[in-house]
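Nothing in this text is a laboratory measurement; each read-out follows from the coordinates by a stated rule. The shown structure was predicted, so the numbers you read here are calculated from the model rather than taken from an experiment. Reconstructed Cβ throughout: ideal geometry from the backbone, glycine too, with neighbour counts over all protein chains shown.
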Amino acid sequence: MAGNWKMYKTPAETSAFFAEFVPLVAATRNREIVIAAPYIDLAAALEATRGSNVEIGAQDLFWEKEGAFTGQVSADMLKAVGAQWVLVGHSERRQYFGETDETVYKRTVAALNAGLKPIVCVGEILADREAGRTNEVLATQFAGGLAPLTPQQFAAVVVAYEPVWAIGTGKTATPQIASDAHAAIRDLAASKFGRAAGDSLRILYGGSVKPENAKELMAQQQIDGVLVGGASLKPEGFATIVNF
């Protein structure tokens with residue numbers, strides 16, 4: 001059950017969020033709770049969740065270990081700070097910052113080599129959905145960003161399906177649409193890495209997940225969790241989703 005804060009919250013707001021959120025999920029069992037916070041909030045988030053069942057991740061990383069890459073943050077830096085997770089290939093990174101399937105692969109490998117757990121995002125835009133190209137887009141993104149991994153590397157990856165047309169638009173893929181896309185991703189994994197790998201792959205759904213629809217989405221056998229955007233910014237609302 002993952003939250004992506006995007007470009008929201010100062011360190012002080014981060015501390016205040018977790019002061020309210022951590023007690024709301026303290027008794028939660030049998031699920032991993034992750035918040036992907038902005039870089040400047042990582043220290044405050046890690047301090048506020050120390051000893052709790054909430055884990056902290058970053059929203060992006062660069063694939064080189066160090067160098068003259070102004071503004072970038074490496075996997076080793078994130079690991080040194082204490083982050084455990086990292087988002088890779090979020091649709092906003094693809095749309096606004098030139099992320100490609102090739103750079104998704106490079107970032108994923110860098111994360112794995114540093115001991116971080118990557119959540120690799122895939123998904124189609126509205127034009128592809130309306131043209132019936134969803135499975136084609138997913139196959140292309142899988143081939144470029146995930147298929148080159150070794151079986152051992154792939155086993156450590158979580159995939160998030162985020163239909164771009166449902167992110168921040170108020171439109172949510174129906175549970176059946178989401179389930180069908182997850183099944184297609186699982187089949188791609190099985191074709192490349194074997195049926196056991198496909199069955200064990202955890203696939204999160206992301207796209208206007210709210211307290212009102214989390215339970216229905218999570219009832220789908222193909223959906224293993226959610227990647228929540230705006231609804232993860234409020235402690236009570238995100239706790240409701242986590243505890244669906």
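Those residues that are surrounded by fewer than 16 Cβ atoms within 10 Å (Cβ to Cβ) and within 17 Å of Ala219 (Cα to Cα), I need them from the range 154-179; list them, please.
Once the filter is applied, which keeps residues that are surrounded by fewer than 16 Cβ atoms within 10 Å (Cβ to Cβ) and within 17 Å of Ala219 (Cα to Cα), the range 154-179 yields Thr174, Gln176.
Here's the yes/no breakdown for (1) of a type in the set (Gly, Ala, Ser); (2) without any contact (Cβ under 8 Å) to a residue 24 or more places away in the chain; (3) crowded, with 19+ Cβ neighbours inside 10 Å; (4) under 22 Å from Gly229 (Cα atoms):
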{"residue": "Asn53", "(1), (2), (3), (4)": "no, no, no, yes"}
{"residue": "Ile56", "(1), (2), (3), (4)": "no, no, yes, yes"}
{"residue": "Glu64", "(1), (2), (3), (4)": "no, no, no, no"}
{"residue": "Gly71", "(1), (2), (3), (4)": "yes, yes, no, no"}
{"residue": "Val86", "(1), (2), (3), (4)": "no, no, yes, yes"}
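Scan the range 23-44 for residues that are touching a Gly at 6+ places or on another chain (Cβ under 9 Å) and either loosely packed, with under 15 Cβ neighbours inside 10 Å or more than 13 Å from Ser232 (Cβ to Cβ) (or both) and report the count.
Qualifying residue count for the region: 4.
Quick one: Val104 ticks every box in (1) under 14 Å from Trp63 (Cα atoms); (2) in contact with a Phe, Trp or Tyr (Cβ under 7 Å, 6 or more places away or on another chain) bar one, so which box is it?
(2)
Condition check: loosely packed, with under 15 Cβ neighbours inside 10 Å and either touching a residue at least 40 places away in the same chain (Cβ under 8 Å) or among the hydrophobic types (A, V, I, L, M, F, W, C) (or both). Does Gln95 satisfy that?
So Gln95 passes the test.
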